[in-house]
1. Run the numbers for F159 and E174: contour at 0.36 nm per residue of separation, minus the present Cα-Cα distance, in nm.
2. Which value, in Å², gives the accessible area per residue of region 107-161 when a 1.4 Å probe is used on the protein heavy atoms?
3. Strictly over 30 Å apart at the Cα level, which of K36/K211; K102/K157; K20/K102; K36/K102 would you flag in this model?
4. Tell me, what is the percent relative contact order of the chain, built from C-alpha pairs under 8 Å that lie six or more residues apart?
5. Please give the calculated 222 nm ellipticity per residue for the chain, where each DSSP H segment of at least 4 residues contributes -39500 (n - 2.57) and the sum is spread over every residue; nearest 500 deg cm²/dmol?
6. For region 12-105, with every protein chain kept in place, what is the accessible area per residue (1.4 Å probe, Å²)?
7. Quick one: the Cα spread of region 63-195 along its three principal axes, in angstroms, biggest first?
8. So who's got an amide H within less than 5 Å of the one on S113, skipping anything under 5 residues away but keeping other chains? H placed 1.01 Å off N, in plane.
Amino acid sequence: MLLGAPGVGKGTQAEFLCSKLKACHLSTGDIFRAAKAANACALTPALSAALQFMRRGELVPDETVLALVAERVNCLKCEGGFLLDGFPRTVAEAEALETLLKRNGIQLDAVVSYGLPLEQVVARLSGRRTCPQCKAVFHVQARPPKVEGICDHCGAKLFQREDDRPESVRVRMEAYETSTVPLTDFYRSRGLLRSIPADGGPEEIFERTMKVLRNGKPV
Ligand code: AMP
């Protein structure tokens, strides 16, 4: 599981980790963005409401998120393991996940918590560009694509997420502080937390992450 403020680089690290470990990537944010791209008639009322929360930078209600995760329980049984990115984000979600995992006889190996000072987080968010097709994440300065505005992997046109705009960023940071930060204590008390500084380039952070995961000691 990856924890950390929005923009800290969880998506980029998830990409690296999944390709290295051949794990299944489960990102609730990606699920919501895919729903946004779907036809309006394919949206359930709960999903349409969820997208309104997302646009404003607020957290989507726990029940909606949990229903989406429960539908994807096979992802958690993937042979290469699974990587949770952006889920859970509240203690209620973490408790529900614990029940779901227990019921399926699945264990979490580690919870990686990335830390970065606020001003750096904001700089990362404002320069972030995302691929709508393969979900790869770039940054205009720190991780630019080879051709400006185009995804290196699939050639799709990169876009800036609606919720990366300043007015939504402020709301997201507040939601993070209030609802998600308590998860570090939740997982520390279970001996699963691995805290990792998220300064530096993506490759450097990835090396740090692999080292901590191999080492396996709680921090
Ligand atoms: P992310 O791509 O992980 O930054 O998620 C984008 C947005 O989707 C968040 O700002 C929330 O509005 C919503 N979202 C994603 N995951 C969750 C979650 N686990 N709980 C509540 N809302 C979520």
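The values are calculated or read from the model by the stated rules, or taken from the named source; none is laboratory data. Just so we're clear, the structure is a prediction, and the values are computed from it rather than from any experiment. In this analysis, Cβ positions are derived from the backbone assuming ideal geometry, glycine residues included, and neighbour counts consider all displayed protein chains. To get the accessible areas, we keep the full protein, side chains included, count just its heavy atoms, and leave off ligands, DNA and RNA. Shrake-Rupley method; radii C 1.70, N 1.55, O 1.52, S 1.80 Å.
1. The F159-E174 span can extend by a further 3.0 nm.
2. 58
3. Checking Cα-Cα distances, K36/K211; K102/K157; K36/K102 exceed 30 Å.
4. With pairs under 8 Å counted, the relative contact order is 29 percent.
5. So the calculated ellipticity at 222 nm is -13500 deg cm²/dmol.
6. Each residue of region 12-105 exposes 50 Å² on average to a 1.4 Å probe.
7. 46, 33, 27
8. Result for S113 returns L3, R194, S195, I196.
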